[in-house]
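Structure first, commentary second.
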Amino acid sequence: MRKALRWLLSLVVLIGTVSATGTATATAVVPADSRTTTDRDIKDRILAIPGMTLLEEKPYPGYRFFVLGYTQPVDHRDPTRGTFQQRVTVLHKDTARPTVFYTSGYALSTRPWRSEPAAIVDGNQVAMEYRFFTPSRPEPADWSKLDIWQAASDQHRVFAALKPLYDRKWLATGVSKGGMTATYYERFYPRDMDGVVAYVAPNDVVEKEDSAYDRFFATVGTKECRDRLNAMQREALVRREPLQKKYRAWADETGATFTTLGSLDKAYEAVVLDFVWGFWQYHTEAECADIPDAATASDQTVYDTIDGYSGWSYYTDQGLEWAVPYYYQAATQLGSPSLRMDHLKGLTRYGYQPARAFVPRDVPLPRFQSWAMRDVDTWVRTRAHRMLFVYGANDPWGAERFRVDKGARDSYVFAAPGANHGASVSALVEAERTKATARIQEWAGIAPAPVRTVPGLDKRTLVREQTLRP
């Protein structure tokens, strides 16, 4: 079940550098002593916004970084129904630079960092915590107010509040569920942003039709690699009894419980079913050789291998707790994938369990809104304007992706060869990388920097960001 949260390696381009793959960044920097008075007192200007409070300021070379709280209505359709505090960060460079609006679709990272688009345009960055991820959760929590329109309206209010300060061009971006979030925001508020860069954004248009995933897993990589992964996954189910003893001993030692999912057996199978998906989502075909031979592996080796790629802790109550807002949305609007897994016939007891299985019983779940994703998909295909979708060719989530058809303008869908869920503009083939970089810079209202390579520069700065393991 690829419905969880994992650590993702996300590319952060260093200020004023050009990657080895040729992605250029705009390097114009305004000297500190020539910046305006309004830049020097930017904290005061931000805190003058009604409902904005300072939680923390952190140092970051060349920038000012603020962690903020912003008062949002629980229900944008009826603001009288109460408010909650939503966390927001501002990475301030210069009001004369463009601004990138980033969201992960999950909880907010409160450490300073730059997304790839922010580096490409050498701009400011605003980031927002998705509603209902703690601590940005109303109390009491009215779960019916967790939907894509309410979240887009959160983002719209943050933009409207900060736009008078940052009055140059704005771009929305995000990775995985964050890419979905940026897309939904554009659908509901198409006049806010000057462009959208959505990375590895899944697009489950029809909830009960998931054959695209079966085709993906039947063709990704080499047959040798696929067979090696499938054999390890199958072996973990063949050895269910001895391996579950290890799982039970670990759970007893750590105090892990399985009330939400219902049993350790269900959690065990869910983790095993994550194994092949997890490999392709976060690893490369070259790493397939690291997978032990299932036929000769010891029980401990099989157990440790599954743990390394899926994580035995994830489907415990403790592991699921903070991910409940994601599962709620997957069960009500976003949808979730299911696989046939013919190589596991006769060995599975539950199969890919639906998203609602991962939501605690005390959280009320309405009927699935099948129209929600169809509406967004139709809008993107026919009315997208200045939207760029970046996928990894070997990422399972790219099996069901956004597309742009007639009616869409200045919009593109690119896939990086061999890339996984950490795909980036810098990983695209040269022609697409050049075009994508130029479009991002033009949308941001800056003169395109020359695209070139730097001999000997072959290392990227990678940071760990939490993102979708749906």
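The values are calculated or read from the model by the stated rules, or taken from the named source; none is laboratory data. Treat the numbers as computed from the prediction; the structure is a model and nothing was measured. Here the Cβ is made from the backbone with ideal geometry for all residues, glycine too, and neighbour counts use every protein chain on show. In case anyone asks, the SASA skips ligands and DNA or RNA and just uses the protein heavy atoms, side chains included. Shrake-Rupley method; radii C 1.70, N 1.55, O 1.52, S 1.80 Å.
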Can you show me the helix-derived [θ] at 222 nm for the chain, built from DSSP H runs with n ≥ 4 at -39,500 (n - 2.57) apiece and divided by the number of residues, rounded to the nearest 500. -9500 deg cm²/dmol
Considering only protein heavy atoms, what per residue accessible area in square angstrom results for the chain with a 1.4 angstrom probe? 40
Tell me the carbon and sulfur percent of the accessible area for the chain, rounded to whole percent, probe radius 1.4 Å. 52
Fully extended contour minus Cα-Cα distance, from ALA393 to ASP290, at 0.36 nm per residue: 35.0 nm
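Classify region 298-351 as rounded, prolate or oblate from the Cα gyration tensor: take a ≥ b ≥ c as the square roots of its eigenvalues, call it rounded if a/c is under 1.5, otherwise prolate when a/b beats b/c and oblate if not.
oblate
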Virtual spin-label span in nm between TRP322 and THR259, 7 Å along Cα→Cβ: 2.0
Provide the packing ranking of 110-119, 355-364, i.e. peptides ordered by the mean count of other C-beta atoms within 10 Å per residue, highest first. 110-119, 355-364
